[in-house]
Amino acid sequence: MSGELSLDTLLATLTTTLAEGIYVFATVAPEAMPATITPRMIFAEAEGITLILLREEAEAHGIPFEFPSRMITLDVHSSLEAVGFIARIATELAKHGMGVNPVSGFYHDHLFVPEGREQDALRILREIVACK
């Protein structure tokens, strides 16, 4: 198994990277998926294909979208079986009235936070590390 399991270690070694651009969430029917887009994430649901992509790309292809957000990558290699890591972060963000859409990749977790609240989120993440 790869990645860190210890919640204490994950929180103590947490650093972040704020990605460039505004990301949005959209959905398209499988047959309507534009071949020329490069989404950050594609997830097949029963109702359609969920996309996370840059807002300008959605607009250029006429894809309706929701939740303009900024992507913060948690630069610690968390195990896919780590317990409580995202829950702790989401709880702290919620205490500050901030929703978050977390996405777990193989190596890292990524937080999509409301556009305009990214600096608040980064400050809260720094506070979590400082309190560890």
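Cβ contacts < 8 Å: first residue farther than 21 Å from SER79 by Cβ and surrounded by fewer than 15 Cβ atoms within 10 Å (Cβ to Cβ), restricted to region 89-109; second residue at pLDDT 95 or above and of a type in the set (D, E, K, R), any location; separation 6+ or different chain. Result?
Close Cβ pairs (under 8 Å, with a partner that is at pLDDT 95 or above and of a type in the set (D, E, K, R)) amount to HIS96/ASP120.
In region 112-124, how many are in contact (Cβ under 8 Å) with a residue 24 or more places away in the chain, out of contact with any helix residue (DSSP H, G or I) (no Cβ under 7 Å at 6 or more places or on another chain) and under 20 Å from LEU7 (Cα atoms)?
The number of residues fulfilling the criteria is 1.
Quick one: MET98 ticks every box in (1) modelled with pLDDT under 95; (2) in contact with a strand residue (DSSP E or B) (Cβ under 7 Å, 6 or more places away or on another chain) except a single one, so which number is it?
Evaluating MET98 over (1) modelled with pLDDT under 95; (2) in contact with a strand residue (DSSP E or B) (Cβ under 7 Å, 6 or more places away or on another chain) leaves (1) as the failure.
Considering only residues that are assigned to a strand (DSSP E or B), in contact with a Leu (Cβ under 8 Å, 6 or more places away or on another chain), among the β-branched types (Val, Ile, Thr) and more than 24 Å from ALA87 (Cα to Cα), which ones fall in region 1-54?
Those that are assigned to a strand (DSSP E or B), in contact with a Leu (Cβ under 8 Å, 6 or more places away or on another chain), among the β-branched types (Val, Ile, Thr) and more than 24 Å from ALA87 (Cα to Cα): THR27, VAL28.
Here is a list: GLU57, GLU66. Which entry is among the acidic types (Asp, Glu) and assigned to a strand (DSSP E or B)? Even if it seems obvious, please write down each step before you answer.
On the way: GLU57 fails: assigned to a strand (DSSP E or B).
Sole residue among the options that is among the acidic types (Asp, Glu) and assigned to a strand (DSSP E or B): GLU66.
From the set of residues in region 62-83 that are loosely packed, with under 13 Cβ neighbours inside 10 Å and in contact (Cβ under 8 Å) with a residue 60 or more places away in the chain, which is farthest from ALA12 (Cα to Cα)? First the steps, then the outcome.
The initial filter retains those residues of region 62-83 that are loosely packed, with under 13 Cβ neighbours inside 10 Å, namely 62, 64, 66, 81, 83.
When the remaining residues are screened for being in contact (Cβ under 8 Å) with a residue 60 or more places away in the chain, the result is 81, 83.
On the way: GLU81: 18, VAL83: 15 Å.
Within region 62-83, the match that is farthest from ALA12 (Cα to Cα) is GLU81.
Quick check: anything in region 73-89 aliphatic (A, V, I, L, M), touching a Pro at 6+ places or on another chain (Cβ under 8 Å), more than 17 Å from GLY21 (Cα to Cα) and not in a loop (DSSP other than H, G, I, E, B)? Full working, then the answer.
Initially, region 73-89 is screened for residues aliphatic (A, V, I, L, M), giving 74, 76, 80, 82-83, 86-87, 89.
Within this subset, residues satisfying the condition of being touching a Pro at 6+ places or on another chain (Cβ under 8 Å) are 86, 89.
Narrowing the set further to residues that are more than 17 Å from GLY21 (Cα to Cα) leaves 86, 89.
If we keep only those that are not in a loop (DSSP other than H, G, I, E, B) too, we end up with 86, 89.
Yes: one or more hits.
Inside region 6-33, can you point out the residues that are farther than 19 Å from LEU122 by Cβ and either without any contact (Cβ under 8 Å) to a residue 24 or more places away in the chain or out of contact with any strand residue (DSSP E or B) (no Cβ under 8 Å at 6 or more places or on another chain) (or both)?
Keep residues of region 6-33 that are farther than 19 Å from LEU122 by Cβ, which gives 6-9, 24-33.
Within region 6-33, SER6, LEU7, ASP8, THR9, ALA29, PRO30, GLU31, ALA32, MET33 meet the criteria.
The values are calculated or read from the model by the stated rules, or taken from the named source; none is laboratory data. Since the model is a prediction, treat every value here as computed from it, not as a measurement. Cβ: placed from backbone, ideal geometry, glycine included. Neighbour counts: every protein chain shown.
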